[in-house]
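One structure below.
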Amino acid sequence: MNRIQKLFTEKREKLIVYLTAGYPKLNSTKDLVLSAIDSGADMIELGIPFSDPQADGPVIQYSNEKAIKNGINLGIIFDQLEKIRQETSKPIALMGYYNQILKWGLNTFISDCKSLGVDGITIPDLPLCEANEFCKLSKSMNISPILLVAPNTSNENITKISKKAADLIYAVSIIGITGNDLSSRTELKTYLSRIRKYSSTPFMVGFGIRSHNDVKWFNEYSDGAVVGSAIIEKIKNKNDYINSARSFVKKLKGNHG
Amino acid sequence: MELTKRDYDLPDSKGHFAEFGGRFVPETLIPALDSLEEHYLAAKENKLFNNELNQLLKYYCGRETPLYKAEEISKELGFNLWLKREDLNHTGAHKINNALGQILLAKKMGKKRIIAETGAGQHGVATAAVAAKFGFECIVYMGEEDIERQKLNVFRMNLMGAEIRPVSSGSKTLKDATNEAIRDWVSNVENTFYIIGSSVGPHPYPMLVRDFQSVIGKETIIQFKELTGLPLPDKLIACVGGGSNALGLFYPFLPYDVEIIGVEAGGKGVNTTQHAATLTKGEFGVLHGAASMMLQNEDGQVTLPHSISAGLDYPGIGPEHSYLSKSKRVKYKTATDDEALDAFKWMSEKEGIIPALETAHAIAYLKQKDNGISKNEHVILNLSGRGDKDVSTVEQSMKKKYE
C-alpha cells in the first residue's frame, strides 16, 4: 500500500495543501512543504511550474511564472523532493502539465517519482481518453495516477475514470479554473453525492476552497479538500512566507491557537 | 487522363494523426468536445447545413475566389504562378471560411456566446463579423503586443460589436491569447462556443477547421483544370503559422501527385532564437490541447517565438502539419522577416496586389534560389490574405531599414 492509499482508508477530515515548487523563492520548496505538514496538512500536492498553465487562474499562473523566473525546473524539483522525503512520511503528489512530463520522458518521470518516494501524480491536461499509458505505467510502479472529474462529467465517465485511476480521483469543484468562486452548496451537494454514488474510489475536491469552513464542509461530502490558490495568495509578496503559510494551514485545520 | 490517387483518411476516430493530435485538455472540456464532434459529424452529412453554409460562402463571403495568373511575376521568374485569391474574401482573408462554418455549428448547438483568440486580428475580424450577423455576443482575446501592431483590425472588431480582451501574460501575443480563450471556455463551457481560428487545438478542431477551409483547395482543383486544361499543378505553396490556410489548399490535393511546400516564419533567421519555425526547429510536445511539434526549451517550457507577422508569431503548429512533415508528404521551408518584407513590396509593385505579411512569407519562397521550382512549371500559391492591416508595420520597418 502506498501512502496515498493508506491515507484514504482513514475516515477523518483531510486537508491537502497545494504548493508551487520554486515559489516564492527557488529554494523555499522544502521549508514550505515541511511547515505545511507541521501545521497539519495531511498530504501535499506539489505543482511543477509551466509556462502555459491552461487550468489555472491568475494566482497560480503568477506563481508559475515567478518560479520559472526563479530558475525552477524538474531536475531541481526532484533534488528538493529527495531532501523533503528524508524528513517526512506524509503522502506527496506531483501536479504537472503533460508537456514537461513528456519532455522528461513519461517512463523516466514515473520511475524517478518512484525512486524519490512520490505517491501520486496529477496531470490536469491529460483527460481519461489520453490517460491509458500514464495510468498503466504509474500503477506498475505503485504510484497513484490521480485523474480528474468535473461537474459536467457524466455518471458513466465518473465510474470509468475512478476505475482507471484505481486509488484516488480529484473532483474539480466547479466548471472553471483554479481560484474561481464556488457554486452554491446545494449544487455542490448534488454533484458530490453523484460522485460518491458513481466513483469506485475515494475522491478529494479542489478549486475555490479557502477557509476552515470550506474544508470542514467538503470533508463531509468527500474524502478530502485541496487548498491551492488561497495559500499561494497568502504567501504572495510576504517576506515571512513560512510563517504566513504556517498560520494559514493551522486556520484551515481549525486550530487558531 | 487518370489521376493516381492514394488514400488519406486522417485523423483516426480519436483525433490522432499518428502520434500527433488528440485531446490534451482538462476533463471539463471533454463533454463539450464530444458534443461538438457529434454535431459536426452530423452537420457534415446534412444537406440543409451544407446548403446554408454554401449560400453564405457565396453571397456573404463572395466565393468562389478567383485563381489568378500572376503574369508579371511569371514572366520574371520563368514559371507559371497562379494565385488563389483568398484576399478577396469578405473581411480580407481565408479566416471567414472557417468562422462561418463554426458559427453555424454554434447556432445548431444553441450557444450564443462566442469567444475567439486572434493574432493578426484576421480571425478576430472574421469572427466578429459572423457573430454580428447572427446576433451573438462576441469576445475576442488578443495579446497586447498584437493589439498595438494590428490597430486597424482592433478598430474593425470594435465596429462590429466585439469586445476585445487584451492579454498581458507571457509573450502578449497569439499563444497567450489562446491560453486565455481556453481558460474562458473552461469556465463558461455550458453556454459558450469557442471558434478556434486555425487548425490547432484539441480534436475535433484541427479536423473541423481543415474541412471548412478545404473549400479553397476544392475550388482550386476545378479552376486549375478549367483554366489550363491540365489535370494538376506541379507545386502548391502556402505560408504556415497554425496552418489553416495551408491545409485548406493542400488537403484536397493530398491524395494526388503534387509537390507541396509550406513556408514557416524564419524571423531573424532559424539559427537565431528569434523565429517561429516550429517544424524546422521545434520538438514534439503538447500545447493548446494537441500533441504536435512546438518551440520549447530544455525544461519543457514553451519559448517565445518571433515573427514580423502577428499571424505566424506562434510557437506551435497544427498537428496535421506535424504529421505531413514527419511523413514527408509536405516539405516545410522558411522565409525571414526581411525576405517577407521584400516579397510584400515585390508583389505590390509587380501585380498591384498588397498581400498580408503572413502570405508574403510564401511569396518570398518563390525567389529563394534553391526552391526547386523548374522552368515552365505550374505553381499555385495561396494568397491567404490582404495586407491593408500590415501597412503601418511595413512602413516602420522600411523606415528603420533605410535610416
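Quick notes on this structure:
- Count - residues of the range A:172-191 that are within 12 Å of chain B (Cβ to nearest Cβ) and of a type outside the set (Gly, Ala, Ser): 7
- Whichever residue in the range B:354-365 is among the aliphatic types (A, V, I, L, M) and touching a strand residue (DSSP E or B) at 6+ places or on another chain (Cβ under 7 Å) and, among such residues, is farthest from B:Ile260 (Cα to Cα): B:Ile354
- Each residue in the range B:65-113 was checked for being surrounded by fewer than 21 Cβ atoms within 10 Å (Cβ to Cβ), of a type outside the set (A, V, I, L, M, F, W, C) and under 19 Å from B:Glu37 (Cα atoms), and 5 pass.
- Of all residues in the range B:218-246, those being assigned to a helix (DSSP H, G or I) and either open to solvent by 20 Å² or more (accessible area, probe 1.4 Å) or under 26 Å from B:Arg23 (Cβ atoms) (or both) number 11.
- Residue match in the range B:326-342 (condition: in a helix (DSSP H, G or I), open to solvent by less than 10 Å² (accessible area, probe 1.4 Å) and at pLDDT 95 or above): yes
- Residue match in the range A:124-135 (condition: at the interface with chain B (Cβ under 8 Å from one of its Cβ atoms), open to solvent by 20 Å² or more (accessible area, probe 1.4 Å) and over 18 Å from the mean Cα position of the chain (by Cα)): yes
- Within the range B:257-314, considering residues that are closer than 26 Å to B:Val379 by Cβ and of a type in the set (Val, Ile, Thr), the one farthest from the other protein chains (Cβ to nearest Cβ): B:Val258
- For the range B:153-175, the criterion of being within 10 Å of another protein chain (Cβ to nearest Cβ), in contact (Cβ under 8 Å) with a residue 24 or more places away in the chain and part of a helix (DSSP H, G or I) is met by at least one residue.
For every residue, the table says whether it meets (1) surrounded by fewer than 18 Cβ atoms within 10 Å (Cβ to Cβ); (2) farther than 18 Å from A:Ile60 by Cβ.
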position	(1), (2)
A:Ala165	no, yes
A:Gly176	no, no
A:Asp181	yes, no
A:Arg185	yes, yes
A:Ser193	yes, yes
A:Arg196	yes, yes
A:Thr201	no, yes
A:Ile209	no, no
A:Phe218	no, yes
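- Count of the range B:33-46 residues which are within 14 Å of chain A (Cβ to nearest Cβ), open to solvent by 10 Å² or more (accessible area, probe 1.4 Å) and in contact (Cβ under 8 Å) with a residue 40 or more places away in the chain: 2
- Meets criteria (more than 14 Å from every other protein chain (Cβ to nearest Cβ), of a type in the set (A, V, I, L, M) and more than 24 Å from B:Thr28 (Cα to Cα)) for A:Ile110: yes
Residue-wise test of (1) assigned to a helix (DSSP H, G or I); (2) at pLDDT 95 or above; (3) more than 22 Å from the chain's Cα centre (by Cα).
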{"site": "B:Glu2", "(1), (2), (3)": "no, no, yes"}
{"site": "B:Asp34", "(1), (2), (3)": "yes, yes, yes"}
{"site": "B:Ala42", "(1), (2), (3)": "yes, yes, yes"}
{"site": "B:Leu53", "(1), (2), (3)": "yes, yes, no"}
{"site": "B:Leu56", "(1), (2), (3)": "yes, yes, no"}
{"site": "B:Tyr59", "(1), (2), (3)": "yes, yes, yes"}
{"site": "B:Asn98", "(1), (2), (3)": "yes, yes, no"}
{"site": "B:Ile103", "(1), (2), (3)": "yes, yes, no"}
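The values are calculated or read from the model by the stated rules, or taken from the named source; none is laboratory data. What you are looking at is a predicted structure, and each value in this text was computed from that prediction instead of being measured. For neighbour counting, all protein chains shown are included, and Cβ atoms are generated from backbone atoms with ideal geometry for every residue, glycine included. Only protein heavy atoms, including side chains, enter the accessible area calculation; ligands, DNA and RNA are left aside. Shrake-Rupley method; radii C 1.70, N 1.55, O 1.52, S 1.80 Å.
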